[in-house]
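Here's the structure we're looking at; comments come further down.
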Amino acid sequence: LVEPNPHAYLIMDACREEFGTDLALINAGNIRGHFDEGKLTERKVFEVVPLKNRMVKMKLTEEEVVNALKNGAKSLINPGHKPSIVMPSGLEYTMNRKGEVLSAAFIDKEGVKHPIDVNHPDKNKIYTVATDDFFASGGDKLIPNKINEIDERFDFDKDKLTCQYIKKQGKPVQIKDDGRIKIID
């Protein structure tokens with residue numbers, strides 16, 4: 001719930017790319033398990049993403065994104081590590097073991113990093129976001145309930161997007177921690 005997870009990064013990268021959004025965000029508690037080296041099957045993807053939510057596209061302000069990161073960072077000090085940290089694509093951030101977000105940057109589709117002022121995030125900057133209906137409905141209280149504000153709703157979950165994404169790669173996929181979430185003392 002409170003550790004960087006490169007398997008979740010792969011899943012979020014798949015959602016971001018398949019939907020063409022600025023960001024993809026999910027609570028860490030939504031990802032269960034990891035991918036083993038070797039042939040990846042649809043069944044294995046389902047085992048890593050077993051909760052059957054529905055994917056959505058929505059808009060969040062920079063302030064809402066930063067608040068989600070801050071709410072998740074509190075998991076480092078909360079009992080039971082709840083609600084869990086946010087797993088991103090298109091975003092990197094640093095937090096400390098005291099549960100504070102220290103810095104963040106939006107990474108555009110060309111790979112250019114745009115720093116975000118986590119102490120004064122822009123209320124007018126809007127990001128398109130791929131996520132699921134659990135996150136969008138305020139599940140785990142990372143964001144307020146915004147389910148009535150979603151742009152598009154789909155009848156499938158992250159497992160389908162992940163399978164499509166991996167098939168399009170045409171070669172073995174490397175799963176590694178790229179440092180998009182840093183936790184420092």
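Here are a few things to note about the model shown:
- Computed over the chain: relative contact order in percent, which uses C-alpha pairs under 8 Å that are six or more apart: 34 percent
- Positive-end residue of 147, 124, 166, charge dipole of segment 118-175 with Cβ unit charges: 166
- Here segment 119-144 and segment 1-75 have alpha carbon centers that stand 13 Å from each other.
- Taking the average, over residues, of other Cβ atoms within 10 Å as the packing measure, peptides 119-128, 25-34, 9-18 rank 9-18, 25-34, 119-128 from highest down.
- Straight-distance candidates among the lysines for linking to residue 52, with alpha-carbon spacing under 24 Å and chain neighbours fewer than 8 residues away dropped: 39, 44, 82, 141, 146, 158, 160, 167, 168.
- Basic side chains Lys and Arg get +1 at the Cβ, acidic Asp and Glu get -1 at the Cβ, and with that the dipole of the chain about its Cα centre reaches some 320 debye.
- Accessible area expressed per residue, segment 1-77, with surrounding protein chains retained (probe 1.4 Å, Å²): 42 Å²
- Surface composition of segment 1-118: carbon plus sulfur atoms contribute 49% of the solvent-accessible area (1.4 Å probe, protein chains only, all chains present).
- Relative contact order (percent, whole number), segment 9-66, Cα cutoff 8 Å, 6+ residue spacing: 27 percent
- Cα-based shape type of segment 1-83, given that a ≥ b ≥ c are square roots of the gyration tensor eigenvalues and the cut on a/c is 1.5: oblate
- Calculated log₁₀ intensity ratio I(q)/I(0) where the Debye formula runs over C-alpha points of segment 97-185, q = 0.13, 0.16, 0.24 Å⁻¹: -0.70, -1.07, -1.34
- q = 0.16, 0.19 Å⁻¹: log10 I(q)/I(0) that the Debye formula gives for segment 57-144, counting C-alpha atoms only: -0.61, -0.87
- Mean residue ellipticity (222 nm) of the chain, computed from DSSP H runs ≥ 4 via -39,500 (n - 2.57), nearest 500: -7500 deg cm²/dmol
- The loop-placed GluC sites (Glu not before Pro) in segment 52-113, going by DSSP, that have at most 11 neighbouring Cβ atoms within 10 Å of their Cβ come out as 110.
The values are calculated or read from the model by the stated rules, or taken from the named source; none is laboratory data. Since we're looking at a predicted model, the values are computed, not measured. Glycine also receives a Cβ, built like all others from the backbone with ideal geometry; neighbour counts cover every protein chain displayed. Protein only, heavy atoms only, side chains kept; ligands, DNA and RNA dropped before computing areas. Shrake-Rupley method; radii C 1.70, N 1.55, O 1.52, S 1.80 Å.
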